[in-house]
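Novice: Sharing a structure with you now.
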Amino acid sequence: MKLLSAWGEKLNRDCPLNEYPRMQLQRDSYTCLNGVWQFQITDGAHPTSSGWEDIVVPFALGSRLSGTKKHLEPGQVLWYRKYFSYALTPLRTFLNFEAVDQCCEVWLNGFSCGHHEGGYEAFSFDVTGRIKPQNELIVRVTDDSDHGIYAYGKQKTEHSGMWYTPSSGIWQTVWLEDVPMCSVDDIKITPDYDRSVVYVQMKGSFDQAVVTVFEGKKLVHRSINASDTCTIPLKNMHPWTPEDPFLYDLYIQTEDETVKSYFGMRRFTVEKDEDGYPRFCLNHKPVFLSGLLDQGYISDGLMTWPDEQAVIYELGELKKMGFNMLRKHIKVESRRWYYLCDKIGMLVMQDMPSGGGPYDFFLTAVKPTLGNRTIPDHDYEKFGRTSAESRAMYLRELDAMMNQLYNCTSIFAWVPFNEGWGQFDSEAVTARIREYDSTRLVDSASGWHDQGAGDFDSRHVYFTAFKTPKSSDGRALLLSEFGGYAYMEYGHSEAKKLYGYKKYKDKLKLNDAVMHCYEKNVLANIPKGLCGCIYTQVSDVEDECNGLFTYDRKVLKIDKGRMRRMNEKLKGSLK
């Protein structure tokens, strides 16, 4: 069955997903290279002259919207070719890739631009002097999927159940920009809510910068800075919240250009309430986190959204149902996705995509379900991290993720490990995260094999009733996965075998069961210290039919009004 979303049915093959990708460092120069490219798969070191076929970029090999049913096997090579025209300027030109899964080398007009490793990070090449009015771009991709040292998330070559179809190659926007000599190369924005100031660190080749901040149309700051740092005081500061997601506009002007960015003023803490329970606090006010596990997959694009309107629709519907947060699960989204969360007011708990393997199923699944939730994570072999090279690559990709998403207003917590998948030295990894980013919280080991680090006592409970632990260790208690009730909507599912933690054949019974699950496991435990819950999940994905939405996003299986009223009860139950 060809399961297409409404946006996939109307796909613009010539230039899909053509919005400006990097909203926190915007400049006027932008040329989108998305559209119809050519590809071929080889077992050898070079492409063949006659083996080229069409593929729609940025949809990865393996997705329906790519236009091909072919898959890349570990050990094979995926080649891309794109011919394009370009109007040359006297400025420097950069070729940008938002994400390529997993490793790639790039040539422009026969010249090597460089290579990149890791499937979730944006990267750029300076192609000044190599770009011409008429160009040939070649990209060589290899992807070991779950058999190598790189993060692969939920992708597996042998997939079913909670593991998904692997995809390979370019899966986010490819674009060009012209950059002057005196340019801003990077910005780090750190809001200090308690002091009503924001710190801006700038990296670039300029001698001085004029920094300007607007609150709406009102100018609230303007300064000339000869250094690479700027401290901006904000009188009558306007906080960012999910109910009022206010964003300040930031402009940086150098000798040669003006770039635009934005930021929101917020602070994330864990503080005790009047009964002594640790609570998640936003701007020092207790907020109950009512969220969903968000895999970020869709039926026709796999990890790539068919259109930005699909993201806007989904986030808007979730807000209407009363959810105030998403746990972005084992995936890094496009930078535009986080911008939309910042803009709409959706808090985000960000997972690091998992890697490593093979996993000990008894240790990572059976033992925790039977109650043995904490095993020391220094035994690298048990946790699928025997390779020192794999552990080093995890840290490199973790650093890259945090660096890329540092400025996102909506991200309130990092999640380095989930359910022991490739987990290792989580206390040291948590300390590494805190050293880099002291503004956010850390869910050190989501689900189990928690070593006592981080800000959350984070628990996954699917098969039994959730009960608050008898004693608290001072961390906020989070039901970070629960529910997972499955119902297959025929005509909107491609599941070969229904997968979920409880299965229903009647939609009304499904709705009643979900509400009862919230009443029993969540609402009853909030007075006892529960600070948040994350229901599994936003949408169906392949065999998993436990989503609120179907995989194609055409059917909402849960009653919107009942879900909204439940969320109002949850969020209103805090003192």
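Novice: Carbon and sulfur atoms: what percent of the 1.4 Å accessible area of the chain do they account for?
Specialist: Result for the chain: 50 percent of the exposed heavy-atom area is carbon or sulfur.
Novice: Continuing with this model, one more query. Applying a 10 Å radius around every beta-carbon, put 161-171, 267-277 in order of their mean neighbour count, most first.
Specialist: Those peptides, ordered most packed to least, come out 161-171, 267-277.
Novice: Taking all protein chains together and a probe of 1.4 Å, list Val210, Val442 from the most accessible to the least accessible.
Specialist: Final ranking, largest accessible area leading: Val210, Val442.
Novice: Return one whole number: the accessible area per residue of segment 528-568 in Å², for a 1.4 Å probe.
Specialist: So segment 528-568 comes to 24 Å² accessible per residue, rounded to a whole number.
Novice: With the contact rule set at Cα under 8 Å and sequence spacing of 6 or more, what percent relative contact order holds for the chain?
Specialist: Reported relative contact order: 13 percent.
Novice: Quick check: from the Cα gyration tensor, does segment 77-199 come out rounded (a/c under 1.5), prolate or oblate?
Specialist: Oblate, because a/c is 1.5 or more while a/b does not exceed b/c.
Novice: Quick one: which of Lys272/Lys520; Lys156/Lys328; Lys260/Lys319; Lys496/Lys554 span more than 21 angstrom between C-alpha atoms?
Specialist: Correct reply: Lys272/Lys520; Lys260/Lys319.
Novice: Gain in length, Asp256 to Tyr30, computed as 0.36 nm per residue apart minus the alpha-carbon separation, to one decimal in nm?
Specialist: Full extension of this stretch gives 79.7 nm more.
Novice: For the chain, give me the percentage of DSSP beta bridges that are antiparallel, rounded to the nearest 5 percent.
Specialist: In the chain, DSSP labels about 70 percent of beta bridges as antiparallel.
Novice: At Ala6 and Lys132, where each label point lies 7 Å from the Cα along Cα→Cβ, what is the point-to-point distance in nanometres?
Specialist: 4.7 nm
Novice: If you don't mind, another one. At 1.4 Å probe size, put Thr157, Thr374 in order of accessible surface, largest to smallest.
Specialist: Order by accessible area, largest first: Thr374, Thr157.
Novice: Would you mind getting me the FRET efficiency between Asp473 and Ser573? Use the beta-carbon distance for r and R0 = 30 Å, nearest 0.05.
Specialist: With a Förster radius of 30 Å, E is 0.85.
Novice: Helix-only mean residue ellipticity at 222 nm, the chain, DSSP H runs n ≥ 4 weighted -39,500 (n - 2.57), per residue, nearest 500. What is it?
Specialist: -4500 deg cm²/dmol
Novice: For segment 205-304, what class follows from the C-alpha gyration tensor (a ≥ b ≥ c being the square roots of its eigenvalues): rounded when a/c is under 1.5, otherwise prolate if a/b is larger than b/c, else oblate?
Specialist: Oblate, since a/c reaches 1.5 and b/c is not below a/b.
Novice: Quick check: pseudo-label points 7 Å beyond the Cα along Cα→Cβ at Lys69 and Asp14, how many nm apart are they?
Specialist: Label-label distance for Lys69 and Asp14, simple model: 2.9 nm.
Novice: If you don't mind, another one. Please say if the chain is rounded, prolate or oblate, where rounded means a/c under 1.5 for a ≥ b ≥ c the square roots of the C-alpha gyration tensor eigenvalues, and otherwise the choice is prolate for a/b larger than b/c and oblate otherwise?
Specialist: Oblate, because a/c is 1.5 or more while a/b does not exceed b/c.
Novice: Rounded to the nearest whole Å², what accessible area per residue is found for segment 44-167 with the 1.4 Å probe?
Specialist: About 41 Å² of surface per residue is accessible.
Novice: Could you sort 235-247, 44-56 so that the peptide with the highest average Cβ count within 10 Å comes first and the rest follow in order?
Specialist: Result, highest mean Cβ count within 10 Å first: 235-247, 44-56.
Novice: Which of the lysines could a cross-linker bridge to Lys82, judged by Cα under 22 Å and excluding same-chain residues fewer than eight apart?
Specialist: Qualifying lysines at Cα under 22 Å: Lys69, Lys70, Lys132.
Novice: Another question, then. Contour minus end-to-end for Lys217 and Phe246, with contour as 0.36 nm per residue of separation and end-to-end as the Cα-Cα distance?
Specialist: So the chain would gain 9.2 nm between Lys217 and Phe246.
Novice: Order His159, His329, most accessible first, counting only protein heavy atoms with a 1.4 angstrom probe.
Specialist: His159, His329
Novice: Fully extended, how many nm does the chain gain between Leu508 and Ile344 (0.36 nm per residue separation, minus their Cα-Cα distance)?
Specialist: Length difference between fully extended and current span is 56.0 nm.
Novice: For Arg565 paired with Lys520, estimate the spin-label separation in nm (one decimal), with each label point 7 Å from Cα along the Cα-to-Cβ line.
Specialist: Going by the 7 Å Cα→Cβ label model, 2.0 nm.
Novice: Which whole-number value in Å² is the accessible area per residue of segment 302-446, probe 1.4 Å?
Specialist: 31 Å²
Novice: For Leu477, which sequence-distant residues (separation of 5 or more, or a different chain) have an amide H within less than 5 Å of its own amide H, given hydrogens modelled in the peptide plane?
Specialist: Asp457, Cys531
Novice: Given an 8 Å cut-off on Cα distances and at least 6 residues of separation, report the relative contact order of segment 519-575 as a percent.
Specialist: Across segment 519-575, relative contact order equals 29 percent.
The values are calculated or read from the model by the stated rules, or taken from the named source; none is laboratory data. Here the structure is a predicted model, which is why all the values come from computation and not from measurement. Note: ideal-geometry Cβ built from the backbone for every residue, glycine included; neighbour counts use all protein chains shown. Accessible surface areas use protein heavy atoms only, side chains included; no ligands, DNA or RNA. Shrake-Rupley method; radii C 1.70, N 1.55, O 1.52, S 1.80 Å.
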